[in-house]
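Visitor: Would you mind keeping the following structure in view while I ask a few things?
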Amino acid sequence: MNYEQIIQSTVKSNNSKIVLLVLDGIGDIRNIKFKNKTPLEYAHTPNLDKLAKESVTGRMHPILPGITPGSGPGHLGLFGYDPIDNSIGRGVLEAIGIDFELKSYDVAARCNFATMNDNGLITDRRAGRIPTEMTIELCNSLKSIHEIDGVEIIIKPGKGHRFVTIFRSKEKEIGSMINDTDPLVEGKAPLVATGKNPPSQFLSKVINQFIKKGYDLLKDKHPANAFLMRGIASKPKIPSMRDKYLLESAAIATYPMYRGIASLLGMTLLPAPDSIEGLFETYINYHHKYDFFFIHVKGTDQAGEDGDFDSKVSCIEKVDQALPIILENKPNVLAITGDHSSPCAMHSHSWHPIPLLLHSQFAGLDDVKKFHENACNNGGLGFFESKYLMGLLLANAKRLDKFGA
Ligand SMILES: [Zn+2]
């Protein structure tokens, strides 16, 4: 019996409430330019620090030591789904994230409008980051391609220069083992789609025809006279949070990708205003309706990727100021952590372990009095992999029975 099976055999239902507050990319490293502190250390966070004194802390490896995860695997781990065994393609996340109901026989691709020169080389992979309104207009032109070789083609605009293409085929099997057409660098031609098995080879031919027809429709639409495809994928078969943990769960997240993951795991998507206060107020408004709440704050990751230390600090301080809203109706278990680190000095995600604060009546206390990476190094939970967090949350919520006699 493995860990997930033990959880499944011991889990039970009760009236407890669990809140998992994810500050995306929160983990960081000390920065010599900022008094040798991390953004969490540098920020003024009286509420988080008070909570840390009443909690147990630790640090989590999102996957395994040294492995830098994307936000997808980072979140799967947090929800107790082994991020190595379960992978969700980006196309699927984008499709579900814009509330598109993906079928088992669909294949979705994440697409970017791009600029191509007369020699067929990509000069801008994001078409100068055209606004959403223009993307909607361009998608309307592409929508004249309804079907190729019996495969239905559905086009949905996303944010900025992004859109999603869904290939739907009820009759003939289509596969998703197909490469990205994005060459990843400018100055190169888009790659030709190639399938690795017969159903994928069939779809790759459809995709290549779609691209040809699409480029024809866009030829006068400079700077968006081409598009690139990434993360071609079909919907994975993953048990829901209800089936796995007997939890009625809900997500409060603004960005498509996180809404996508949550929806795939059977979480109800709740209203998610742009402000942090707004996110926390949604929890208060719905707290009686669900057992588990996933609240996602994106600002910390964006600041980390932009290398903007001040903005990461400011986002952390906003979370701190708004924290009393959640505490007004304190859940039985509250965990505050991230899906991975995004150190400002690296302008990217990283492998560094994430700080974790776990608050519940039964969590116990450690000597940690502040919530930041270096304090959490001495936390009572030590270092462990994110995929074990759900077990701790359920245990603290008294939702796990004894294992064995
Ligand atoms: Zn992330």
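Coordinate-derived values only; no laboratory data. For clarity, every value in this text was computed on a predicted model and none was experimentally measured. Neighbour counts run over all protein chains shown; Cβ positions are idealised from the backbone, glycine included.
Visitor: Using a 7 Å offset from the Cα along the Cα-to-Cβ direction at both His44 and Ile32, what is the distance between the two label points in nm, to one decimal?
Guide: That separation, rounded to one decimal, is 2.9 nm.
Visitor: Could I ask something else about it? In terms of the Cα gyration tensor, with a ≥ b ≥ c the square roots of its eigenvalues, is region 147-194 rounded because a/c is under 1.5, prolate because a/b exceeds b/c, or oblate?
Guide: Working: a/c = 2.79, a/b = 1.44, b/c = 1.93.
Here region 147-194 falls in the oblate category.
Visitor: Rounded, prolate or oblate: which one fits region 9-122, using the alpha carbon gyration tensor with axes a ≥ b ≥ c (rounded when a/c is under 1.5, else prolate when a/b beats b/c, else oblate)? Before the final figure, lay out each step's value.
Guide: Numbers: a/c = 2.43, a/b = 1.32, b/c = 1.85.
Verdict is oblate for region 9-122.
Visitor: Across region 1-68, how many lysine pairs separated by 8 or more positions, or lying on different chains, have Cα atoms within less than 25 Å? Let's see the in-between values first.
Guide: Numbers: Lys17/Lys50; Lys17/Lys53; Lys35/Lys50; Lys35/Lys53; Lys37/Lys50; Lys37/Lys53.
Pairs that pass both the separation and distance tests number 6.
Visitor: Determine the percent antiparallel among the DSSP beta bridges restricted to the chain, to the nearest 5. It would help to have the intermediate numbers written out before the result.
Guide: Numbers: 38 of 59 bridges.
Of all bridge pairs located within the chain, approximately 65 percent are antiparallel.
Visitor: Work out, step by step, the length gained on full extension between Asn15 and Lys205: first 0.36 nm times the residue separation, then minus their alpha carbon distance; give nm to one decimal.
Guide: Details: separation 190, 0.36 × 190 = 68.40 nm, distance 5.24 nm.
Fully extending the segment from Asn15 to Lys205 adds 63.2 nm.
Visitor: If a/c stays under 1.5 just call it rounded; otherwise compare a/b with b/c (prolate if a/b is bigger, oblate if not). Do that for region 259-405, with a ≥ b ≥ c from the square roots of the Cα gyration tensor eigenvalues.
Guide: Details: a/c = 1.57, a/b = 1.17, b/c = 1.34.
Oblate, because a/c is 1.5 or more while a/b does not exceed b/c.
Visitor: Helix-only mean residue ellipticity at 222 nm, the chain, DSSP H runs n ≥ 4 weighted -39,500 (n - 2.57), per residue, nearest 500. What is it?
Guide: Helix contribution divided over all residues of the chain: -9500 deg cm²/dmol.
Visitor: Find how much the distance from Asp118 to Lys103 grows on full extension, using 0.36 nm per residue of separation minus their present alpha carbon separation; answer in nm with one decimal. Before the final figure, lay out the partial values.
Guide: On the way: separation 15, 0.36 × 15 = 5.40 nm, distance 3.82 nm.
That pair, Asp118 and Lys103, stretches by 1.6 nm at full extension.
Visitor: If we count other beta carbons within 10 Å of each Cβ, what is the order of Tyr290, Tyr388, Tyr3, Tyr283, fewest first?
Guide: Numbers: Tyr290 19, Tyr388 16, Tyr3 13, Tyr283 22.
By the 10 Å Cβ count, ascending: Tyr3, Tyr388, Tyr290, Tyr283.
Visitor: Here's something else I'd like to know. What's the extension gain from Leu64 to Ile154 if we count 0.36 nm per residue and subtract their Cα-Cα distance? Walk me through the intermediate numbers first.
Guide: Working: separation 90, 0.36 × 90 = 32.40 nm, distance 3.77 nm.
Additional length available on full extension: 28.6 nm.
Visitor: Determine the alpha carbon to alpha carbon distance for each of Lys196/Lys298; Lys237/Lys330; Lys156/Lys221; Lys369/Lys402; Lys156/Lys298 and list only those over 29 Å. Kindly include the intermediate steps, with their values, before the conclusion.
Guide: On the way: Lys196/Lys298 35 Å; Lys237/Lys330 34 Å; Lys156/Lys221 18 Å; Lys369/Lys402 31 Å; Lys156/Lys298 23 Å.
Too far apart for the 29 Å limit: Lys196/Lys298; Lys237/Lys330; Lys369/Lys402.
Visitor: Follow-up. Starting with the highest mean, order 301-314, 321-334 by the number of other Cβ atoms within 10 Å, averaged over the residues of each peptide.
Guide: On the way: 301-314: 19.9, 321-334: 17.8.
Result, highest mean Cβ count within 10 Å first: 301-314, 321-334.
Visitor: Turning to a different aspect of this structure: How do 354-365, 27-38 rank on mean C-beta neighbours within 10 Å, highest first?
Guide: Working: 354-365: 20.4, 27-38: 17.7.
My ranking of the peptides, most packed first, is 354-365, 27-38.
Visitor: Within 10 Å, count the other beta carbons around each residue, average over each peptide in 10-22, 145-157, 47-59, and list them highest first. All intermediate terms of the calculation are to be shown ahead of the outcome.
Guide: Numbers: 10-22: 17.8, 145-157: 16.2, 47-59: 20.2.
Top to bottom by mean Cβ count within 10 Å: 47-59, 10-22, 145-157.
Visitor: Measure off 7 Å from each Cα along the Cα-to-Cβ vector at Lys143 and Asp401, then give the distance between these two points in nanometres to one decimal.
Guide: Roughly 5.3 nm, to one decimal.
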